[in-house]
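I have placed the structure first, in the form of structure tokens, so that the comments after it can refer back to it.
The values are calculated or read from the model by the stated rules, or taken from the named source; none is laboratory data. Quick caveat, the model's predicted, so the values are computed rather than measured. A quick note on method: Cβ atoms are made from the backbone with ideal geometry, for glycine too, and the neighbour counts reach across all protein chains shown. Calculation scope for accessible area: heavy atoms of the full protein, side chains included, ligands and nucleic acids excluded. Shrake-Rupley method; radii C 1.70, N 1.55, O 1.52, S 1.80 Å.
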Amino acid sequence: EEFVDEADVEKRTVDVVVSGGGSGKTQETKHFSKLSGREVEWVSEENFKFRLSAFEEPLKKWLTDNPECIYPKSYHNEIVAILNMSLKDVSVSRSISRVQWGIPCPSEPTQSVYVWFDALLNYLTAALDKEGTTLASDPRGPQKWWPPNVQIVGKDILRFHAVIWPCMLLAAGLEPPRQIVTHGHFTVDRQQMSQSSGNVLDPKDLIESFGLEPFRYYMLWSGCLHSDGDYSD
């Protein structure tokens with residue numbers, strides 16, 4: 001299960017086999033993720049929310065004051081465009097009936113912490129001292145550990161890292177990362193790799209087929225930050 005922003009969803013008309021046997025088909029309009037190509041469905045729940053909208057102006061200031069905080073520039077522009085459409089508050093919990101494996105919310109046993117909200121906090125908790133109370137006990141102070149100089153993320157999770165994550169830190173009175181470097185994907189025949197699609201490539205197999213140095217050369221030649229690299233047999 002994954003959250004897909006409305007901007008990353010597209011409608012498609014697909015053929016559907018009519019139930020009851022036979023070879024009859026009909027057409028239906030369904031929604032698909034632009035990133036993974038998988039079908040998605042609208043789900044409505046009662047959740048706890050983070051007031052993301054309250055940090056729209058502070059986030060804009062961070063982007064303006066730090067023009068290279070998101071690199072390359074194309075991804076910086078993407079986040080600016082999102083902010084120009086206004087931020088919506090986001091859910092930070094899920095119904096425990098749907099996500100039993102999540103961390104239970106302390107004040108509400110029917111809810112579990114939304115996985116991305118919990119995952120993003122790991123960047124911060126890794127910098128805490130062993131008691132988990134302050135940012136580093138190093139003599140140079142918390143500046144040694146926070147904020148991070150660079151965080152490197154894939155383009156598909158940029159919104160989590162360049163919108164929600166900085167706002168979470170601002171809400172806690174902490175400084176966002178100094179820079180978020182964003183990279184494209186390696187695709188196969190222009191399709192995103194995924195286990196469900198069965199098109200995942202094992203680098204070891206490619207090295208065995210073509211050799212280590214040709215593989216390194218191709219990865220460096222094809223891969224880049226601002227766009228996807230593609231592999232095809």
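Quick notes on this structure:
- 18 Å Cα-Cα reach of Lys49 towards aspartates and glutamates, excluding residues that sit fewer than 8 places from it in its own chain: Glu2, Asp5, Glu6, Asp89, Glu108, Asp118
- Under the criterion of Cα pairs below 8 Å and six or more residues apart, the relative contact order for the chain equals 15 percent.
- Rounded accessible area per residue of the chain, 1.4 Å, Å²: 65
- Cα gyration tensor shape for the range 18-73, rounded if a/c is under 1.5, else prolate or oblate: oblate
- Over all pairs of different C-alpha atoms, the range 161-233 has a mean inverse distance whose reciprocal, the Kirkwood radius, equals 14.9 Å.
- Peptides ranked, highest mean first, by Cβ atoms within 10 Å: ranges 96-103, 167-174: 167-174, 96-103
- Of the options (1) 52, 50, 36; (2) 72, 52, 36; (3) 58, 33, 24, only one is Cα extents along the principal axes in Å as computed from these coordinates, and that is (2).
- Using a cut-off of 23 Å between Cα atoms, the listed pairs Lys34/Lys61; Lys34/Lys88; Lys60/Lys155; Lys155/Lys204 include Lys34/Lys61; Lys155/Lys204 as exceeding that distance.
- Extension gain, Asn66 to Lys88, is 5.6 nm, computed as 0.36 nm per intervening residue step minus the present C-alpha separation.
- The helix-based estimate of mean residue ellipticity at 222 nm for the chain, built from -39,500 (n - 2.57) per DSSP H run of four or more residues and divided by its residue count, is -7500 deg cm²/dmol to the nearest 500.
- Selected from Pro177, Pro203, Pro148 as most flexible by GNM, with the chain as the system and alpha-carbon contacts under 10 Å: Pro203
- Tail beyond 21 Å, pair distance distribution of the range 1-114 (Cα, percent): 61
- Protein accessible area in the chain, 1.4 Å probe - carbon and sulfur %: 53
- Here's how it looks for Gln192: its modeled amide H is under 5 Å from none belonging to a residue 5 or more places away or on a different chain.
- DSSP beta bridges in the chain [antiparallel fraction, %, rounded to 5]: 70
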